[in-house]
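Colleague: Sharing a structure below in structure tokens format, with a few things to ask.
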Amino acid sequence: MRSKFINLILVCSLVLAGIQFINAQDNDSDLLSGRNQYFKQDYVAACNQPVVLLNQAPTTPDEAARSEIVVNSPVGYKFKLDDNGNAFLQLAVTKWNEKLVIFHSKSVALTMKDADIVGSKIENLHCPMQSDKWVTHINTHEWGSYVLSMNGKPNQMVEVTIIRESNK
């Protein structure tokens, strides 16, 4: 009798765990859908932004400083990471508390010193033909120069699009 009772408790626990797992997936899907709806203008712009092929992406922060990119308008680049899997872009931010939407190859990890990554590994539902890319949201705090560091596989071709978040 005790064995049947324990089995019943185990079955009930498994059923409840399965229901919680399904609900968690639904919540993640709702969150993704809601985020994509809220940022629709930015995400669609990121999908449609043409990319410029760079012959050589900067391989150090010092090199990146010599070709600073002003982020007042959308930009997109395609380039090869260096032999160590790195590339750098220096971004000139002209306003306080600027928010950036970065649409990039999934295989690349992004970091930006003195800025906050407030969302990453976000699927852009507005461009299903570019499912090999993530969206990352980055908030800066002051105007000035910020180095976007990218790390992936050595000599890998990657794409990065940078959009200023539109005012909501």
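Colleague: Identify the residue in the stretch 32-57 that is more than 16 Å from the chain's Cα centre (by Cα) and in a loop (DSSP other than H, G, I, E, B) and, among all such residues, is nearest to N167 (Cα to Cα).
Modeller: P50
Colleague: Now for a separate question. Where in the stretch 108-159 are there strands (runs of 3 or more DSSP E), lying wholly inside it, with at least 1 residues that are without any contact (Cβ under 8 Å) to a residue 40 or more places away in the chain and among the acidic types (D, E)?
Modeller: 116-122
Colleague: In the stretch 76-94, which residue that is over 17 Å from the mean Cα position of the chain (by Cα) and open to solvent by 40 Å² or more (accessible area, probe 1.4 Å) is nearest to I162 (Cα to Cα)?
Modeller: Among them, the one singled out is T94.
Colleague: A further question on this structure: What's the total number of residues in the stretch 51-62 that are loosely packed, with under 15 Cβ neighbours inside 10 Å, at pLDDT 95 or above and of a type outside the set (A, V, I, L, M, F, W, C)?
Modeller: Total satisfying the criteria: 2.
Colleague: Within the stretch 58-84, which residues are in a loop (DSSP other than H, G, I, E, B) and small (G, A, S)?
Modeller: Selection gives S67, S73.
Colleague: Next question, about the same structure. Just to be sure I understand, how many residues within the stretch 131-148 are surrounded by fewer than 19 Cβ atoms within 10 Å (Cβ to Cβ), under 13 Å from the mean Cα position of the chain (by Cα) and not charged (D, E, K, R)?
Modeller: Qualifying residue count, the stretch 131-148: 3.
Colleague: Applying the selection to the stretch 95-105, what residues are open to solvent by less than 80 Å² (accessible area, probe 1.4 Å) and either hydrophobic (A, V, I, L, M, F, W, C) or over 8 Å from the mean Cα position of the chain (by Cα) (or both)?
Modeller: The answer is E98, K99, L100, V101, I102, F103, S105.
Colleague: Another question, if that's okay. Among the residues of the stretch 63-107, write down those that are under 21 Å from N155 (Cβ atoms) and free of Cβ contacts under 8 Å to residues at least 40 places away in the same chain.
Modeller: Within the stretch 63-107, E63, S67, K106 qualify.
Colleague: Sort through R66, R164 and tell me the only one that's under 15 Å from the mean Cα position of the chain (by Cα) and open to solvent by 40 Å² or more (accessible area, probe 1.4 Å).
Modeller: Selected residue: R164, the only one of R66, R164 that is under 15 Å from the mean Cα position of the chain (by Cα) and open to solvent by 40 Å² or more (accessible area, probe 1.4 Å).
The values are calculated or read from the model by the stated rules, or taken from the named source; none is laboratory data. These numbers come from a predicted model, not from an experiment. Backbone-built Cβ (ideal geometry, glycine too); neighbour counts: all protein chains shown. Calculation scope for accessible area: heavy atoms of the full protein, side chains included, ligands and nucleic acids excluded. Shrake-Rupley method; radii C 1.70, N 1.55, O 1.52, S 1.80 Å.
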